[in-house]
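*Asks:* This is the structure I have questions about; it appears just below.
The values are calculated or read from the model by the stated rules, or taken from the named source; none is laboratory data. The structure presented is a predicted model; accordingly, all values stated were derived computationally and were not measured. A quick note on method: Cβ atoms are made from the backbone with ideal geometry, for glycine too, and the neighbour counts reach across all protein chains shown. The accessibility values were calculated without ligands, DNA or RNA, using every heavy atom of the protein model including side chains. Shrake-Rupley method; radii C 1.70, N 1.55, O 1.52, S 1.80 Å.
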Amino acid sequence: MRAGVRLRYLIPVPISPHRRSCAIAVDVRAVGQARRFAAEALEGWERPDLVDTVALLVSEVVTNVVLHAGTPGELVIELADDAVRVEVRDGTGRLPQRKDYGDDASTGRGLALVELLADAWGAEPTEAGKRVWFQLRAPSLPVDDRAADRRSS
């Protein structure tokens with residue numbers, strides 16, 4: 001990096017009204033930024049009911065990019081009528097593998113959380129590396145519930 005040039009860790013790129021994307025830097029600060037990016041996207045789409053679970057799972061998959069892939073990546077969040085899909089892309093073709101660590105280990109629980117909380121998840125190689133994704137059901141909120149959610153914030 002040249003002196004005096006500061007890179008942003010996440011650069012939001014609106015793709016459509018219900019799809020957002022941002023870059024992920026190889027920096028531990030990118031994890032918190034990705035969490036906030038996901039929360040802001042869901043709140044903007046009036047889906048505060050999904051924020052906690054999506055933010056937790058985004059933390060796990062983005063941490064894997066930062067710690068294990070070691071390449072810049074991309075976070076994509078898309079909201080459909082009945083589901084939210086989150087993808088993390090990186091530049092390594094090594095697919096994630098769930099490992100069993102000891103109870104005292106400070107690592108190794110990310111994919112187990114994704115398996116437990118997501119309705120579906122997967123990983124596949126791409127031409128540029130790999131894509132790890134998860135989906136959560138997003139049943140429609142009645143209009144009255146959306147208004148109540150906004151008032152309680």
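*Asks:* Determine, yes or no, whether Pro139 is at pLDDT below 95, in a loop (DSSP other than H, G, I, E, B) and either on the phi < 0 side of the Ramachandran plot or in contact with a helix residue (DSSP H, G or I) (Cβ under 6 Å, 6 or more places away or on another chain) (or both).
*Replies:* The answer is yes for Pro139.
*Asks:* Moving to a separate point now. When the residues of segment 33-57 are filtered to those that are of a type outside the set (D, E, K, R) and without any contact (Cβ under 8 Å) to a residue 24 or more places away in the chain, which remaining residue is most open to solvent (accessible area, probe 1.4 Å)?
*Replies:* Gly44
*Asks:* The conditions are (1) closer than 22 Å to Pro139 by Cα; (2) at pLDDT 90 or above, and Asp82 fails exactly one of them. Which is it?
*Replies:* Of (1) closer than 22 Å to Pro139 by Cα; (2) at pLDDT 90 or above, only one is false for Asp82: (2).
*Asks:* If you scan segment 62-97, which residues turn out to be open to solvent by less than 10 Å² (accessible area, probe 1.4 Å) and under 16 Å from Ala30 (Cβ atoms)?
*Replies:* Within segment 62-97, Val62, Val65, Leu75, Val76, Ile77, Val86, Val88 meet the criteria.
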